Each structure stands twice: as C-alpha cells, then as structure tokens.
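Asks: This is the structure I have questions about; it appears just below.
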Amino acid sequence: LNFMATRSIADTPFPFPYDQLITIAVFLFMFVVPILITAYVGTLWVACTLTFVSATVYLSVNEVNKELEDPFKYDPNDLPLAH
C-alpha cells in the first residue's frame, strides 16, 4: 500500500510554469535587492554583504526545492525505491 503511494508521488510531475515563475521571481529578486539595500545602507561593504547573503539564501532554497520535486531519482542523496 505504501509503495503505491510513493509511486504516485514519483509519477506526478511538478508543473513547469510554476517552476518558471519561481525561477523568474528569484532572478528578479537578485536584481532588485542590491538597489534597495544600497538605498537603505550607508556603507558599500555592508550592502554587498547583505546582498550576497540574501541572494545566496534564496538561491539555495530554490535548489533545495528542485531536489524535493523528485525525491526518488538515482542521485546519491535521494530516497531509494528498492532495498
């Protein structure tokens, strides 16, 4: 019974337009955030650091979501379907 439930999760595709929208939003965020941070922060090195940290966090969350879309592939960190 549980194998069929995991098989249905593995066989259900993730909507491609939703993936495109998330990718566009992350890249738009990466282009807008440096402008906004430099407007509110006085020093350049603090603005660069905050921009780097925030962009890295959003890009890493996006990469984690891409890995979680299909957890049953044959990558080393994916869940095995067979023992």
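Bear in mind these aren't lab numbers, they're just calculated from the coordinates by the rules spelled out. As the structure is a computational prediction, the values presented were derived from the model and not from experiment. Positions of Cβ are backbone-derived with ideal geometry, glycine not excepted, and every protein chain shown enters the neighbour counts.
Asks: Per-residue HN-Hα couplings for the stretch 13-25, Karplus 6.51 cos²θ - 1.76 cosθ + 1.60 at θ = phi - 60°, whole Hz, x for Gly and Pro?
Replies: Result, rounded to whole Hz: x, 7, x, 5, x, 5, 5, 5, 4, 5, 5, 5, 5.
Asks: Shifting gears a bit: What order do you get for 52-60, 11-19 when each peptide is scored by the mean count of other beta carbon atoms within 10 Å, highest first?
Replies: 52-60, 11-19
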